[in-house]
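The values are calculated or read from the model by the stated rules, or taken from the named source; none is laboratory data. All values reported here derive from a predicted model rather than from experimental measurement. When we count neighbours, we look across all protein chains shown, and the Cβ atoms used for this are built from the backbone with ideal geometry, even at glycine. Side chains are part of the model used for accessible areas, which takes the heavy atoms of the whole protein and leaves out ligands, DNA and RNA. Shrake-Rupley method; radii C 1.70, N 1.55, O 1.52, S 1.80 Å.
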Protein chains: 2
Amino acid sequence: MSTVTIVEVGPRDGLQNEASPVSTADKIALITGLAGAGVSVIEAGSFVSPKWVPQMADSAAVLAGLPPLPGVRLPVLVPNLKGLEAAQAAGVSEIAIFGAASEAFSQRNINCSIEESLARFRPVTEAALAAGMRVRGYVSCVLGCPYQGAVPVADVVRVSEALAAMGCYEVSLGDTIGVGTAGAARALVKTLAASLGMGRVAVHFHDTYGQALANILACLEEGVRTVDSSIAGLGGCPYAKGASGNVATEDVVYLLNGLGLSTGIDLDRLASVGRQISGVLGRAPASKVGQALAAKAA
Amino acid sequence: MSTVTIVEVGPRDGLQNEASPVSTADKIALITGLAGAGVSVIEAGSFVSPKWVPQMADSAAVLAGLPPLPGVRLPVLVPNLKGLEAAQAAGVSEIAIFGAASEAFSQRNINCSIEESLARFRPVTEAALAAGMRVRGYVSCVLGCPYQGAVPVADVVRVSEALAAMGCYEVSLGDTIGVGTAGAARALVKTLAASLGMGRVAVHFHDTYGQALANILACLEEGVRTVDSSIAGLGGCPYAKGASGNVATEDVVYLLNGLGLSTGIDLDRLASVGRQISGVLGRAPASKVGQALAAKAA
């Protein structure tokens, strides 16, 4: 049976965008619960300045507080050499760096051009690789940008190739505002696969317009085998208050189970983890599978 | 450009399953608004006993109150000869009849076996066709049943063929509880197309497990060109309180626009109709596109 790797981004990308603060203990319980449900890659935190992202200020404490999780990879987001040092001190063995395919987004989000951001990440990646770490790359706005609108495929390819050339073992293509549809998603991964090889392409869809699972299906049909998702849809959409953000892991796993693609994840345990963290945040899981399983049980 | 026909089921299948009553005037405004947005097939009501479905007791008044809607077909649900007479008296030119692919569902939903239900619909269809009406067939529980679980494809084929043999110009395959995933949906329509011809196959997905758009994508890829949906996701899921039901028309049209498939529908006007009826019901549209467009505008 063919397998798909789920990269769970809820504890970082998700919680970073939640208004309610989540305690270190709750983060540890979340990551431990996800690992217990069979999730093998969990983005566990971020070593950025707490001035910019206060929600992630306790990432070192979260990592230090985790029980041993054999076989589970725990990448963290790192923006610069200072972040890398902190991540190293915390015993991290995998980091993620991030670029944008949209010039306007890069300027508004990280205050520099795409080229400048790549130049900034080069020494970080070099140092991480030299230290024996794995480095994952993110590219945001691959199917549209909240500031410039359309994003040329050539720009996505250029940034992805730059990240791969630096040494990223994988590039995760993010539809940051969830505007993409299946035909565009399919064409994009086809183009990227021709350049990087399909084994280095991951997809990261937001469900803002309800298209995430259809987009994922189209990408699976093209051969993509790594999918980012967020337990209980944690994170929402930072660009449209009240709209959906990250696709929910429960919904992706339900799709994959139905397609006969193996993830190693126990859906019932996963949904239970989703209900738990949603309870901490005081709301229902932003996952249709989560809601349906809860309604069925009630 | 290839076209897809949207069969809008909100005013009937949707409102029938809403707890809040909706006035005749609001139903007329809804149907008129949908037609104004370019929807060309709108299920406008149901001629069943008001004892069973009080929400549809005013269907004749709704039809009588509509302005002329040139080019718009307005099918109504009809359960028996008495309902057909009432529909004829109301000037209806198209009806829909309904069978289940699940024996358990047929017994629980309409108190008779599948065979009995088909025998009951035969004279209705004959009389309707003799009166020059068009007859559409629904088959429910095509990918799973709330009472018996799995439903064999052979049962879906048998009931669909029986409806087609009676003279239904099209059979709409309903995943009544939204449990199906893309591979099963694809295999089902492929099998049905071999039997009925793809031109007579429509699909009717519920989004209870978030799979509707992925399922629709898979069916479109197989050649399906008629899709049922419900404005603002009207109707919810009668089998799991709080869970999603009918896939939202806004979300389907967004997908189709992205794929370059034409529907003749103006998405912004459609979303505005969805906000209006949701306002009548006192809640937000159960459509991610509806929510995202509203959030973007705010």
(message) Name the single residue that is nearest to the other protein chains (Cβ to nearest Cβ) among those in the range B:270-289 being within 25 Å of B:V224 (Cβ to Cβ) and open to solvent by 30 Å² or more (accessible area, probe 1.4 Å).
(response) B:K288
(request) Tell me which residues, restricted to the range A:220-252, are within 11 Å of chain B (Cβ to nearest Cβ) and not in a loop (DSSP other than H, G, I, E, B). (result) A:L220, A:E221, A:G233, A:A248, A:E250, A:D251, A:V252
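Of the residues B:G174, B:G167, which is over 24 Å from B:L217 (Cβ atoms) and away from chain A (no Cβ under 14 Å)?
Values: B:G174 fails: over 24 Å from B:L217 (Cβ atoms).
Just a single option satisfies the conditions, and that option is B:G167.
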(request) Exactly one condition in (1) open to solvent by 10 Å² or more (accessible area, probe 1.4 Å); (2) away from chain A (no Cβ under 14 Å) is not met by B:V201; state its number. (result) (1)
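Residue by residue, here is whether (1) in contact (Cβ under 8 Å) with a residue 40 or more places away in the chain; (2) under 15 Å from the mean Cα position of the chain (by Cα); (3) open to solvent by 20 Å² or more (accessible area, probe 1.4 Å) holds:
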| site | (1), (2), (3) |
| --- | --- |
| B:G14 | yes, yes, no |
| B:A25 | yes, no, yes |
| B:G36 | yes, no, yes |
| B:S49 | no, no, yes |
| B:L63 | no, no, yes |
| B:P67 | no, no, yes |
| B:G71 | no, no, yes |
| B:P75 | yes, yes, no |
| B:I97 | yes, yes, no |
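Criterion first (modelled with pLDDT of 95 or more, open to solvent by 20 Å² or more (accessible area, probe 1.4 Å), touching a Ser or Thr at 6+ places or on another chain (Cβ under 9 Å) and small (G, A, S)) does A:G174 satisfy it?
Details: modelled with pLDDT of 95 or more: yes; open to solvent by 20 Å² or more (accessible area, probe 1.4 Å): no; touching a Ser or Thr at 6+ places or on another chain (Cβ under 9 Å): yes; small (G, A, S): yes.
The answer is no for A:G174.
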(request) Please find, within the range B:177-198, the residue that is farthest from the other protein chains (Cβ to nearest Cβ) out of those that are aliphatic (A, V, I, L, M), open to solvent by 10 Å² or more (accessible area, probe 1.4 Å) and under 12 Å from B:S160 (Cβ atoms). (result) B:L196
(message) Just to be sure before I move on: is A:G258 surrounded by fewer than 24 Cβ atoms within 10 Å (Cβ to Cβ), outside any loop (DSSP other than H, G, I, E, B), without any contact (Cβ under 8 Å) to a residue 12 or more places away in the chain and within 13 Å of chain B (Cβ to nearest Cβ) in the structure I sent?
(response) yes
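Show me the helices (runs of 4 or more DSSP H) entirely contained within the range B:1-103 in which 2 or more residues are at pLDDT 95 or above and farther than 23 Å from B:T249 by Cβ. Step through it out loud before you land on a result.
On the way: elements: B:24-36, B:59-65, B:81-89.
In the range B:1-103, the matching helices (runs of 4 or more DSSP H) lie at B:59-65, B:81-89.
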